[in-house]
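The values are calculated or read from the model by the stated rules, or taken from the named source; none is laboratory data. These numbers come from a predicted model, not from an experiment. Backbone-built Cβ (ideal geometry, glycine too); neighbour counts: all protein chains shown. All accessible areas refer to the heavy atoms of the entire protein, side chains included, with ligands and DNA or RNA removed. Shrake-Rupley method; radii C 1.70, N 1.55, O 1.52, S 1.80 Å.
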Amino acid sequence: MPRESKEKLKSRAEEIVELLKRHYGDAECSLDFNTVHQLMVATILSAQCTDERVNMVTPALFKKYKTVKAYAEADLKELAKDIFQTGFHNSKAKSIKNSAKALLEGYAGKIPKTLDELVKLPGVGRKTGSVILGAGFGLAEGIVVDTHVGRISRLLGFTKETDPKKVEQDLMQIVPKEDWIKYSHMLIYHGRAICKARKPECENCFLTKLCPSSQV
């Protein structure tokens, strides 16, 4: 198959994004939260854990720890016990407590609104930072690349990379910036509904004609 030109790739990406919007126009972050800091905590917990399980743990957690200060002053062992079900509870507890302390010390307890500042916080990488900016503030500084987004973007021929940072760089060049936030949410929905990891349902997919990996 001949290599697709940059312009054709961008054009196809725009078509795909428009089709995704028709089917998943209401797609949004599936983590439950009421404040941006709660979103930060939930996103840290979501590493190597499903959003569904995180949403089972956070109601009690958010009720117990109501402020950034409460997390900063939390007993580490107790906090780890509170989030045990999300896995990697000891390291996640450290990240949540230390990031809260950093927010109090450097930002008066407020969440910064730039990726450069966010990734300096303990436990906050580029993916977590982009989730916070996108779902919390509606700001697009990057594209969130989780397993669904990376896998489906490769199937669509948008990237050949497996490293999330490299996948993101490829996507940022072809997906319209105004769709960066929505793109991730829509692909996650699509990955759960149709383009499933074990067996993509190509026969039921509305992207078949535009997908070079289609089995139809």
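For the chain, the per residue solvent-accessible surface stands at 55 Å², with DNA, RNA and ligands left out and a 1.4 Å probe. Relative contact order of the chain, taken over Cα pairs closer than 8 Å and 6 or more residues apart, is 22 percent. Take 9-16, 34-41 and order them by the average number of nearby Cβ atoms within 10 Å per residue, most first; the result is 34-41, 9-16.
Model label points for D163 and E18, set 7 angstrom from Cα along the Cα-to-Cβ axis, are 3.5 nm apart.
Annotation for region 5-58 versus region 105-141: alpha-carbon center distance of 16 Å. Is the C-alpha gyration tensor of region 7-54 telling us rounded, prolate or oblate? Criteria: a/c under 1.5 is rounded; beyond that, a/b larger than b/c is prolate, otherwise oblate. Since a/c reaches 1.5 and a/b is larger than b/c, the shape of region 7-54 is classed as prolate.
For region 53-150, the share of alpha carbon pairs falling in successive 5 Å distance bins from zero is 2, 13, 19, 24, 22, 14, 4, 0 percent.
With distances taken between every two different alpha-carbon atoms, the chain has a Kirkwood hydrodynamic radius of 18.3 Å.
Against the criterion of solvent-accessible heavy-atom surface with a 1.4 angstrom probe, R126, R22 sort, most first, into R22, R126. Direction-averaged projected area, Cα convex hull, region 139-191: 3.1 nm², rounded to one decimal.
When peptides 78-90, 52-64 are sorted by average Cβ neighbour count within 10 Å, with the highest value leading, the order is 78-90, 52-64.
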